[in-house]
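Novice: Sharing a structure below in structure tokens format, with a few things to ask.
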Amino acid sequence: MVKPITVYHLPRSRSLRVLWLLEELNLSYNVESIDFIPGKFGGKNYTKIHPLNKVPAIKDGDMVMFESIAIMQYVLDKYADGKLSPSIEDPEYGPYLQWLHYGESTLAPVIATLMYQRHFFAADKRSKDIETWAEAELIKVFSMLETQLSDHDYILKSGFSAADISVGYCLLLARLAKAHAQITDRIEDYWDTLTDRSAWLAISKI
Ligand SMILES: N[C@@H](CCC(=O)N[C@@H](CS)C(=O)NCC(=O)O)C(=O)O
């Protein structure tokens with residue numbers, strides 16, 4: 001890496017996935033903090049970086065990109081030297097990719113639904129039916145995770161990988177969405193294991 005990657009970041013947001021990965025890999029980075037202005041997230045200048053004004057985005061040299069999982073894949077392919085993801089020949093490669101994407105494609109939308117119902121929508125726009133649906137759905141999608149974690153500490157038998165970062169961020173999101181009733185004891189233990197890692201401790205307060 002010639003110059004450190006710039007990470008556009010908002011506290012407690014999906015940009016934590018990117019910072020966590022960079023920290024685990026011991027790569028240097030700059031943090032560009034985005035202001036949360038309701039309705040004008042990040043302001044006009046940030047639209048040039050992310051046309052939808054969402055986080056995260058990164059700048060690596062002249063290259064700008066967004067989508068947290070895609071950014072993770074980019075960093076892993078370009079700078080990780082085989083760390084934190086199994087090789088394509090490894091039998092764990094398929095399950096690894098599945099869980100890497102499960103975090104954003106399956107877990108995050110359900111938890112985000114709860115977040116909107118409980119925090120973001122005005123009281124008169126909330127729907128008890130949607131909230132009840134999301135609670136039931138979260139039990140289902142967490143049960144898959146619970147099964148996967150039944151006989152090892154991390155998602156893969158071989159140990160900590162980027163898939164844990166993808167899924168692990170959703171456990172923070174679930175707490176922010178007040179989904180404690182859906183977080184089982186095993187998932188709580190997994191959260192404790194993840195948040196004990198020095199890389200998480202280094203970035204969680206940024
Ligand atoms: N799939 C995208 C989701 C990005 C996203 O929705 N980020 C949230 C913060 S965690 C955001 O920017 N929300 C502001 C908005 O949607 O206006 C990713 O993984 O990067």
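None of the figures in this text is laboratory data; all of them are computed from the coordinates on show. Remember, predicted model here, so these are calculated numbers, not experimental data. Please note: Cβ atoms are built from the backbone with ideal geometry, for glycine as well, and neighbour counts cover all protein chains shown.
Novice: Report the full-extension gain for the segment Thr132 to Lys157: residue separation times 0.36 nm, less the Cα-Cα distance, to one decimal in nm.
Specialist: Going from the current span to full extension adds 5.6 nm.
Novice: Semi-axes of the stretch 5-79's equivalent ellipsoid from the Cα gyration tensor, sqrt of 5 times each eigenvalue, largest first, rounded to whole Å?
Specialist: Sorted largest first and rounded, they come to 21, 13, 10 Å.
Novice: Students often get this wrong, so check it: of Lys59/Lys205; Lys44/Lys125; Lys128/Lys178, which have C-alpha atoms separated by over 24 Å?
Specialist: Values: Lys59/Lys205 22 Å; Lys44/Lys125 28 Å; Lys128/Lys178 15 Å.
In this structure, Lys44/Lys125 lie more than 24 Å apart at Cα.
Novice: Restricting to the chain, compute how many DSSP beta bridges are antiparallel as a %, nearest 5.
Specialist: Values: 8 of 13 bridges.
Among the beta bridges of the chain, antiparallel pairing accounts for roughly 60 percent.
Novice: Let me ask you something else. Which of the three applies to the chain, rounded, prolate or oblate, going by the alpha-carbon gyration tensor with a ≥ b ≥ c and a/c under 1.5 meaning rounded? Show your work: numbers first, answer last.
Specialist: Values: a/c = 1.92, a/b = 1.06, b/c = 1.81.
It is oblate, given that a/c is not under 1.5 and a/b is not larger than b/c.
Novice: Out of residues 5 or more away from Val31 or on other chains, whose amide H comes under 5 Å of its own, with H placed 1.01 Å from N in the peptide plane?
Specialist: Val7
Novice: Right, something else. Can you pull the three principal axis extents for the Cα set of the stretch 93-203, in Å, largest first?
Specialist: Extents along the principal axes: 48, 29, 23 Å.
Novice: Next question, about the same structure. Over 20 Å between Cα atoms: which of Lys54/Lys78; Lys83/Lys157; Lys3/Lys78 fall into that group?
Specialist: Correct reply: Lys54/Lys78.
Novice: Quick check: pseudo-label points 7 Å beyond the Cα along Cα→Cβ at Leu176 and Arg118, how many nm apart are they?
Specialist: The two pseudo-label positions are separated by 1.3 nm.
Novice: Let me ask something else about it. Counting other Cβ atoms within 10 Å of each Cβ, which trypsin sites (Lys or Arg not before Pro) in the stretch 116-151 have at most 15 and sit in a DSSP loop? Don't jump to the answer; show the numbers that get you there.
Specialist: Numbers: sites: Arg118, Lys125, Arg126, Lys128, Lys140; in loops: Arg126.
Passing both the DSSP loop test and the Cβ count: Arg126.
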